[in-house]
1. For segment A:204-251, name all the residues that are within 24 Å of B:Leu79 (Cα to Cα), free of Cβ contacts under 8 Å to residues at least 60 places away in the same chain and either of a type in the set (Gly, Ala, Ser) or assigned to a helix (DSSP H, G or I) (or both).
2. Considering segment B:230-263 alone, what residues qualify as being surrounded by fewer than 20 Cβ atoms within 10 Å (Cβ to Cβ) and in a strand (DSSP E or B)?
3. Does segment A:224-244 contain any residue that is more than 14 Å from every other protein chain (Cβ to nearest Cβ), under 23 Å from the mean Cα position of the chain (by Cα) and at positive phi?
4. Kindly state which strands (runs of 3 or more DSSP E) lie completely within segment B:12-90 and contain at least 1 residues that are surrounded by fewer than 19 Cβ atoms within 10 Å (Cβ to Cβ) and β-branched (Val, Ile, Thr).
5. Residue check, A:Met174 against (1) more than 14 Å from every other protein chain (Cβ to nearest Cβ); (2) surrounded by fewer than 23 Cβ atoms within 10 Å (Cβ to Cβ), all met but one. Which one?
6. Could you tell me which residue of segment A:18-61 is surrounded by the most Cβ atoms within 10 Å (Cβ to Cβ), considering only residues that are in contact with a Leu (Cβ under 8 Å, 6 or more places away or on another chain) and modelled with pLDDT of 90 or more?
7. Filter segment B:105-126 for residues that are at the interface with another protein chain (Cβ under 9 Å from one of its Cβ atoms) and of a type in the set (S, T, N, Q); which is nearest to the chain's Cα centre (by Cα)?
8. Taking segment A:101-126 as the region of interest, how many residues are farther than 13 Å from A:Met195 by Cβ and in a helix (DSSP H, G or I)?
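The values are calculated or read from the model by the stated rules, or taken from the named source; none is laboratory data. Small disclaimer: the values here were computed from a predicted structure and weren't measured. Note: ideal-geometry Cβ built from the backbone for every residue, glycine included; neighbour counts use all protein chains shown.
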Amino acid sequence: MVRYLLGRILAAILVIWLVITLTFFLMHAIPGGPFASDKILLPQVQANINARYHLNDPLFKQYTDYLKNAAHFDFGPTFRYQGRSVNDIIKEGLPRTAAIGSMATILALICGTFLGIIAALRQNKTADYVATFLATIGISVPSFVIATLLQYYVGFKLHLFPPIGWGDPNQLVMPVLALSAYPVAQITRLTRTSMLDVLHQDYIRTAKAKGLPGYIIVFRHALKNAIIPLLTFMGPFFAYILCGNFVIEYIFNIPGIGQYFVTSITNRDYPVIMGTTILVATLMVTFNLLVDIAYTLVDPRIKLTDQKGV
Amino acid sequence: MALLEVENLSTSFYTYAGEVQSVSGVSFHVDEGEAVGIVGESGCGKSVTVQSIMRLIPNPPGKIKNGQIRLAGRDLVRLPEKEMQKIRGKEIGMIFQDPMTSLNPVLTIGRQMTEVLQHHEGIGKNEALGRAAKYLTMVGISNPERRLKQYPHEFSGGMRQRVMIAMALLCNPKLLIADEPTTALDVTIQAQILELMKDLKDKVNTSIILITHDLGVVAGLCSRIIVMYGGKIVEMGSTQDIFKDPRHPYTWGLLKSVPRLDASKRSKLVPIVGSPPDLLNPPKGCGFAARCPHAMKICETQPPAYTDLNEKHRAACWLLHPDAPKVTFNGIDEKEARS
C-alpha cells in the first residue's frame, strides 16, 4: 500500500511536470505578449520591462528558471496586478472558490444520491418522473441561465437572498445552488441507473429472502454497491468544481479564482496562466488518487498494489 | 402433518405482449420433515412457484393471481408485507441457483450471516457471530472465525453455496427451499453439496423443497417428486412411483433423457422433441399435447383431469382415462442396456 502510494505520487509529479512543460511552450507560442497593448511603448521602456521580467532570456532558460522556482512553490509575480505574486492570487481566491465549490459538492452528493435512490425505488412512477425531469433540466439548462434566474427572482424580486457579492453567508446560497444544479442532475442520473442495476442483482433477492426490511436492503446492501461506478465520475468532476466556475463567480461578483483562468490567457499573464494550470492539474491528480483509495474502502475486491494483474 | 399446503396457485406476469401464465392451478403439500423435489425443464414454472411461496415475485410485472399458500395453517398470500418479512429467513430459508452472485460482494460473510440473526431474533453481535461460526462448521467450512471476516470473493463457488446453506438454516427454519442449488456448480462439487444437504436434512429436521431439472439430483434426496410442465403439475408421486411406474408421457421423456452409466455406448440420449408451450397463449388442452408421441384428439381440446393412482401418486393425462388406448412406459430399453 505504502509502495503503491509512493509510486502514485511520483507518477503525479511526472504528470504535473508534463503539464507544466506543455503549457509553458504552448503559451509562449501564442502571438502577442503580456505588455502588448494599443498604447505604443517606447522601445526603451519595452526593453526595460522585458529585462525586468526576464522575457529577453532564451525560451529554454526561462523554462528551466520557471521549473526551478516552481519546485520551491514560487510561481512568480503577476504581470497584470502590480506588486502581487501568483501565490497571493491563489491564496486569496482559492479559499473563496473552494468554499463555494465544496458546499456545492456536498449539496450535490446529498441531493443527487437521494433523488437517484428515490427515482430507482419508484421506477416508472411519479417520483421517478419528477426526479428524471429535474435531472434533465439540471443537465440541459446552462448554469448561467439558472444563476441569472435565481438572481432575478429569488434575489431581486423576492429579496430572499442578496443577489451579488461576497462576505455574508447569505450571499453564498445562490451561487452554491446555481453551481450544484449540474452535478445534482448528473449524480441523480448516475445513482438512478446504478441503483436500478444493483436492485436487480441476485444478492438483493437473497437479502429479501432473508426477510430484511426495505431500508436495510437499500442502504446496506444496494447503496454500497451502487456508489462504485459513481466514484469514477466524482473525482475529476469535483476537481473542476473546486477550481471554480468562471461564469458563476462572474455573475455573482465573487472574488474567487475562477476569473483568473480566463483573464490570464487574454492578458498573456504568463505566470498566472502557469499557476492556475498547475493548480487544476494538481487537484485533478489528487482527486483521482483519492478516488482510487476510496474504491478500496468501498469494494473489498479492489486492492491497491503496484503489481500488474492479480 | 402438512407443513406447507399450496392450493390452486396461479401466478402471472403482465407484460406488454399480454398475460404470461407462468403458474396455473398448482396444488401440492409438503409434510413436516419431508423432502420434496420439483422437476421440469426451464420455464415450466418451478422457480415461480417457490418464489410465490416466498412472495418474492417482482410486482409489477408479476402477481399471485389466485390460490392459497398455507404455512402451518397461515395463508401467506394474504399476509401483509411486514408479517411476510418475519416469515422469510426465519420460517422459510432459501438457497439460490448461482452462489457466485447470490452473496453481496461488498459485505463480509459475517455481516451477511449475523444480520439475519440480529434482525429476526434480536440477539447481540457476538452471540450472532458465535452462532454463525457454529453453522459454518456444520456445513463443513473449517476455520469459521477467520472465514466470517472474509468477503465472498475469497470463497470458491462450492464454499459460497455452503455459506448460503448455513445462512438459510441460521434461524432453524421449518422449510428450506433450494432453487437449483447445484446447477451452477461443477459435478464433484454438486455431489458434495447434495451429500451435505442429505446430511443436514437428518440433522436439523427441516422440510425441504428442492427444485432441479436433474432427476438424478432428486432421487438421492427426496421422498416425493412433483413433475411440472408448462406451469402445471403433470404428475406427482413418491420417488419410487415416479422412477418405477411413471404415468405421464412427459415424465417418460424426462426419464429417457437422463444419461445412464449402464447404457450401451452406442445408445443415444432421447430428447423430448419440440419446445415448451407459449404461456402467453397457453394451449386449450394438455400443454404437452404438441410434443407428446401419444397425443389424441381430445388432448388438444380439453385439459386432462388428475387421475389418482394411489394415495400419493397422481397424473394428469388422457391416457389414464378408462377409454384410452393402453400405452405403457417401455423405459430404457432393457435389452439394449444389457448388451
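1. Keep residues of segment A:204-251 that are within 24 Å of B:Leu79 (Cα to Cα), which gives A:204-218.
This time we only want the ones that are free of Cβ contacts under 8 Å to residues at least 60 places away in the same chain, so: A:204-217.
Within segment A:204-251, A:Ile204, A:Arg205, A:Thr206, A:Ala207, A:Lys208, A:Ala209, A:Gly211, A:Gly214, A:Tyr215, A:Ile216, A:Ile217 meet the criteria.
2. B:Ser238
3. Within segment A:224-244, the first condition is being more than 14 Å from every other protein chain (Cβ to nearest Cβ), and the residues that meet it are A:232-244.
Within this subset, residues satisfying the condition of being under 23 Å from the mean Cα position of the chain (by Cα) are A:232-244.
Narrowing the set further to residues that are at positive phi leaves A:244.
There is at least one residue in segment A:224-244 that is more than 14 Å from every other protein chain (Cβ to nearest Cβ), under 23 Å from the mean Cα position of the chain (by Cα) and at positive phi.
4. Numbers: elements: B:18-31, B:35-39, B:62-71.
Fully inside segment B:12-90 and qualifying: nothing.
5. (2)
6. Of everything passing the filter in segment A:18-61, A:Ile20 is surrounded by the most Cβ atoms within 10 Å (Cβ to Cβ).
7. Just the residues of segment B:105-126 that are at the interface with another protein chain (Cβ under 9 Å from one of its Cβ atoms), to begin with: B:105-108, B:111-112, B:115-116, B:119-120.
Checking which are of a type in the set (S, T, N, Q) leaves us with B:108, B:112.
Values: B:Thr108: 28, B:Gln112: 24 Å.
In this case the residue turns out to be B:Gln112.
8. So the first thing to find is which residues in segment A:101-126 are farther than 13 Å from A:Met195 by Cβ, and the list is A:101-111, A:124-126.
Remaining after also requiring in a helix (DSSP H, G or I): A:101-111, A:126.
Qualifying residue count for the region: 12.
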